[in-house]
Amino acid sequence: MIEAPRLFGAFADRETEARYNERARTLRLPFVRLYGVILLLVMIAYSIVNPLFLSPTDNADLAVWMGLTILMGGAYIGVTFWHRYVLYPMIDFAALLLISLLISRINLILFDHFISSGIELRAVGVVNRLIVTAFAAVTLAGRPRLFLAWLCGDVIGWLGQIIPAGIALSAFTYALLSYLSGALIMAAINLAVGLTSRSAFRLADTLDIERAKNEELVLNMLPPAAVARIRSGLLVADSYADASVIFIDMVGFSALAKRVSPGHLVELLNGFFNHADACARELGIEKVKTVGDAYLAIAGGNVPSGNSADAAIAFARAVIAGVPAIAAGAGVEVGLRAGIHSGPVVGGVIGATRMAYDYWGDTVNIAARLEGTAPRNGIAVSESTWLRARDRHGFGPATTLTLKGVGDMSVYHVLLDDEAEAQPPAAA
């Protein structure tokens, strides 16, 4: 959870502060450019009007300063298109301060003209420096110290231009009061915009974190491609012609459940399933679900695995190799059996609540039947899986078994490492 923003400070976490500034400046970018365009249009309008009312000397003088202001404004707009602009608020600080000083100079020339012509100043408008101050207040929102530094630089530059002019004390006093009142208002605007944008960022960032957690949870339950289709309102149904289904079951689980406490039993299952999950991640196997003490996985489904039979056998070997560690962690004797069958499967998502991506077909049913024929801490595979395996050296001889609901089938038992080393090479 991000802490609430402080009145005159950044977020305590530097990474959060950096993300806030980058996001806030990115969101303000269109308005910064719009403000810059408005400034250019005002300068151009004054440049068109000036020759109508000013002497050639004053007009030439103003043309120089307004030309510099237009050039500076154009350069400022241009630099906002740099992809790293949002990372450097000092660009705004320097550009706006220079623009403000240029406008101060333009105002002095205009005021001199009005005074020498006897024109009532309250009846005319000059290039209002408040435009630039407001521009800076919004552009530097969220950085109150930087904006206050900008105001200090601006007032120093302004005083440096009017004091040498030798204006009357009363005029200077009222001008200073006017400037400071406007500056205070803009400082309040800068502070308000900064606080509201920080609060909005804090809320949005919290929502993003929760959304990411929910997304991770959904992707743990469903494949990414299925999630995309569900969100589009499409039916999720897939067919895989050559997949290998793995069923792994705990030997004697019912008897064990009568001997140990529920907590101990859950701890044992958790150790088994966590180990199987780790093996699945490492070997690119897709976990389908757990049913009681059984773990169902598939190679060649949503997760590409090359030769599905080899991947499935490698996964079953890795899970069974972890039996000693599982037993040591649970403090009880543990045995696992695995069954693997290869063939076509159908996958998809059904229902509207507690959705999960599941697989169906004879391949799944036969793999479950084969698991029951495997020896303790052993692996039984069908002839279909045996034929798909690249290396058939690690199998025992075929045995014809009658499987319930399937009939007679040739079954091969995968040899453990020690048994495989003693086994002579098998004919392909």
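The values are calculated or read from the model by the stated rules, or taken from the named source; none is laboratory data. Given the structure is predicted, the values throughout are model-derived calculations rather than measurements. Each accessible area value is taken on the protein alone, full model and side chains, heavy atoms only, with ligands, DNA and RNA left out. Shrake-Rupley method; radii C 1.70, N 1.55, O 1.52, S 1.80 Å.
Quick notes
- Extension gain, Leu130 back to Ala225 (0.36 nm per residue minus Cα-Cα distance, nm): 28.8 nm
- A 1.4 Å probe, protein heavy atoms only, puts the accessible area of His83 near 150 Å².
- Per residue, the solvent-accessible area of the stretch 295-386 (1.4 Å probe, heavy atoms of protein chains only, all protein chains present) comes to 37 Å².
- Heavy atoms of Leu34 accessible to a 1.4 Å probe, total area in Å² rounded to 10: 100
- Nonpolar atom fraction for the stretch 316-397, defined as the carbon and sulfur part of the 1.4 Å probe accessible area, stands at 56 percent.
- Probe 1.4 Å, all protein chains present, accessible-area order of Thr26, Thr133, largest first: Thr26, Thr133
- Ordered by 1.4 Å accessible area with all protein chains kept, Arg202, Arg14 run largest first as Arg14, Arg202.
- For the stretch 228-289, the share of accessible area belonging to carbon and sulfur comes to 56 percent (1.4 Å probe, ligands and nucleic acids excluded).
- Computed from backbone phi with θ = phi - 60° and the Karplus coefficients 6.51, -1.76 and 1.60, the 3J(HN,Hα) list for the stretch 202-207 is 4, 5, 5, 5, 5, 5 Hz; x is used for glycine and proline.
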